[in-house]
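Single-structure report; data block below.
Rule-based calculations on the coordinates, nothing more; no lab input. Only a predicted model underlies this, so the values are computations on that prediction, with no experimental measurement involved. As a convention, Cβ positions derive from the backbone with ideal geometry for all residues, glycine included, and neighbour counts pool all protein chains shown.
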Amino acid sequence: MIVAVAGGKGGTGKTFVSTSLAVVKKSLRFLDCDVEEPDAHIYLRPAFRRWSNVSITTPLVRAWKAKDPGKLKEAADFCRYNALAFVRGKLIVFEELCTGCGGCFKVCPDGSLIEKEQVVGVVKDGAARDGIEFVMGELKVGKQRTVRVIEKVRSAAGESGDVLIDCPPGSGRPALAAMRGSDFCVLVTEPTPFGLHDLAENIELLGLLGIPAGVVLNRSGGTYRGVETFCRDNGIPVLLEIPFTLETARSSADGKTLPDIDPAWSDKLAAVWNRIN
Amino acid sequence: MKVIVTSQGTDLESQVDPRFGRCANFIIVDTESLEFSAVPNAAGGAIGGAGIQAGQFIAEQGIEAVITGNVGPNASRVLSGAGIKIYVGASGTVRQAVEDFKAGKLNAASGPTVGGHWGMGGKF
Ligand code: SF4
């Protein structure tokens, strides 16, 4: 079973919830797909065994090999990501825009473009606490191929066993790449109008993907009831409420999960797993 | 001398568009006769690399300089590769910008004046 944990814009406590769920379930595979700002390792403290680069194939121009310079212009016109520019008879490559689609190599098969490996991120894996197999992706600073790195992390999900995925915030392409193919999605949100706005967007995306969802309300206890009303009206279960206390906030900042703060949370989190199943 | 001014509208009285890659129109102007023609910027809605696409278009127009508000790193690379000078800091109407250019009041940019994605309104 693959369970995704997602949330709106950063700071909703998504990783606090996902790692808390993980330490209660134990012996699962945890994939940190929040590759722009991975932080689950702070809670789960893995010992990494392996590092693998994530790379894409980017063209390197060897203009003198071009039998027909017109082909180089054709390649520039072909690249819909505008990673190639043809000016004054010269082809310029903008590496950071290249997605590695490989199209330009097909347009210029004469050896004028050679394949260069461009490293865009890294995937690390190892053993974490409570028998958790931990995999995380990290986008290299200055690179933009977020989805590519997420897909690489996702490919470590394996064929069987329980998998928990920490998704990137929001409901854009990175979030989509991380949650696609999961059996259930836990949406972490705060009881504020902003939280509701992001939640509604996520629910819409999950509806399109056909993935059932439940909500965890983090920092509850205020007077705003908009999120609860929305969940009731749309038939979305509220799986857990985590009231706001200074102690929780402080301990979470120290990398403690809910059961670390108070063992009583273990039963409540186990109940969440039961409802997901 | 023929130059291109990035513009929000289609004539000499329109406002200069301070964005390069995502400007609305290009106005090709003869700085002596003030004869002009307007071309919509096909790159305005590009997913990415708008400055590169616009830069390539400009490189094909046989002009000597571009007058705009700001220019990003990618566009700057394409335009300098094409040997086209970039004058930044233009504002007001297109006519005014051409006058300022002729009077030597605009700065020639030797590199980008803004970071990438500036013309997207801070959304990315
Ligand atoms: S591999 Fe694809 S994205 Fe990269 S330069 Fe070639 S056509 Fe463009």
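In this structure, the pairs whose alpha-carbon distance is over 29 Å, taken from A:K65/B:K2; A:K73/B:K85; A:K140/A:K268, are A:K65/B:K2; A:K140/A:K268. What is the angle, in °, between the Cα long axis of helix A:193-209 and the longest principal axis of the Cα atoms in chain A? Nearest 10 is fine, range 0 to 90. That works out to roughly 60 degrees. Straightening the chain between A:D68 and A:R88 buys 5.7 nm, computed as 0.36 nm per residue apart minus the Cα-Cα spacing.
Here A:M1 and A:W51 are evaluated by their C-beta separation; at R0 = 30 Å the FRET efficiency comes out at 0.60.
Scanning residues 5 or more positions from A:V120 or on other chains, those with amide H under 5 Å from its amide H are A:V54, A:S55, A:I56, with H placed 1.01 Å from N in the peptide plane.
With the convex hull drawn around the C-alpha atoms of the protein assembly as shown, the volume per residue stands at 174 Å³. Extending 7 Å from the Cα toward the beta-carbon at both A:T192 and A:R80 defines two label points whose distance is 3.8 nm.
Measuring r between the beta carbons of B:T31 and B:D11 and using R0 = 22 Å, the FRET efficiency lands at 0.85. The alpha carbon centroids of region A:139-153 and region A:189-255 are separated by 27 Å.
At q = 0.21, 0.23 Å⁻¹ the log10 of I(q)/I(0) for region B:2-112 amounts to -1.06, -1.31, computed by Debye summation with a single uniform scatterer per C-alpha, solvent ignored. In degrees between 0 and 90, to the nearest 10, how far off the longest principal axis of chain A does helix A:14-25 point, with axes built from Cα atoms? Relative to chain A, helix A:14-25 is tipped by roughly 70 degrees. With the cut-off at 1.5 for a/c, could you classify region A:81-201 from its C-alpha gyration tensor as rounded, prolate or oblate? It comes out prolate by the Cα gyration axes. Taking 25 Å as R0, compute the FRET efficiency from the Cβ-Cβ separation of A:D162 and A:D267 and round it to 0.05. It comes to 0.85. Placing pseudo-labels 7 Å out from each Cα toward the beta carbon at A:N274 and B:Q61 gives an inter-label distance of 7.0 nm. Between the C-alpha center of region A:1-48 and that of region B:62-87 there is a gap of 46 Å.
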